[in-house]
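What follows is a short report on a single structure.
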Amino acid sequence: MRHAGIESRIGVRTRASRAALAGLLVALTGGFGRLHVTAAPTVPYEEVKDWLRLPAGVQLGEAAGVAVDTNGHVFIFHRPGRGFDTAATTKLTEPPVLEVDADTGKLLQSWGANTFLVPHGITIDDANNVFLTDVGLQQVFKFTHDGKPLLTLGEPRVGAWDANHFNEPTDIQIRRDGTFYVSDGYVNSRIAIFDKNGTWLQEWGRKGSGPGEFDNPHGLSFVPDSTDVLVADRENSRLQLFDRVGTFKKQWVGVKDAQTSGRVFCVAADRAGHYYVGIRRADYDTQHTGVLKLDRDWNMVTAIGFGQPGGPVFNAVHDIAVGKDGSIYVAETRTKRVVKLRPVK
């Protein structure tokens, strides 16, 4: 059910916005050896204002992660009453995992109280199991859909670089066979692969800016109809593409100092093979923060935000997910919100 009274069609479709977007698209290039990106047709989105309808007494904290389950429900992993405080020692007393109806915005269930320190990444597998990372606990978790623990990796509050430890792990992706990948992370600079039982298999990466090196691998996605892996290499302001075992293939970057270039916080993919890239040059820098949509060939389809007249305003993009209907969900930390963007048909 749609609530017409709370929805606002943002003027991404206006002539001024289209003109601004055309300028942004022409300004973009990418690639290791430069994969040129030329102007592309606009695919408009509208922001659904105030779509999230949490009950009284539930206040959204910093929204670190967002994911969509097989039912189309939106899961939010937030930090109630806490910021990015990796020195925290007291677990969050309010549930940081929220399951929300995508259409009504109403809370369906919440869980995880007294379990987490500093919530970060969330991903849901094809069986509706929920995988989470905590940068304060230095751990990776697997839960049932309703919050029963299934698997825990890492030693609580002990950061290290080996098969049994993490150092501020950021994100997870899960293959159909249960094998999962962990981006690790703010301190470590690697992608680690585990089997379905949590046994370490292999890893790749080191600190740096060259091919296959990372400076905070902050987000992960798999390429549809492929075994390739996309990594949001945050502080290097790029996406890197690898095969399933970490062989570097290519990278995507924006032109230095272009309006749509900046740190790459997150990446998601839809079934049609589009990639959604969260850009945030600096906190509250609304002119250089937003979402880019790329096609299979890494050509620009649209840009949302980035100071375009009449468009959505982003301040602190941190994670991104795509719904079954093509809606984009953008989790923001500093502004403590999840923005819903619906494609205009």
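Brief remarks on what is shown
- Label-to-label distance, LEU151 versus ARG206, with points set 7 angstrom from Cα along the beta-carbon direction: 2.9 nm.
- Environment charge at THR93 (Cβ cut-off 13 Å; Lys +1, Arg +1, Asp -1, Glu -1): +2
- Stretching the chain fully between ASP162 and ASN114 yields a gain of 14.5 nm (0.36 nm per residue, less the alpha carbon separation).
- Within region 114-196, the proportion of C-alpha pairs whose separation exceeds 20 Å stands at 23%.
- Modelled label reach - ASN299, point 7 Å along Cα→Cβ, region 213-248 residues with backbone N closer than 19 Å: 224
- Order of HIS318, HIS274 - criterion: other Cβ atoms within 10 Å of each residue's Cβ, fewest first: HIS274, HIS318
- Diffusion constant of the chain at 25 °C, which comes from Stokes-Einstein with the Kirkwood Cα-pair radius and 0.890 mPa s, µm²/s: 123 µm²/s
- Between region 135-154 and region 266-345, the Cα center-to-center distance that results, in Å: 27 Å
No lab work stands behind these numbers, since they all come straight from the coordinates. Source: prediction; values computed, not measured. No Cβ is skipped: glycine too gets one built from the backbone with ideal geometry, and neighbour counts run over all protein chains shown.
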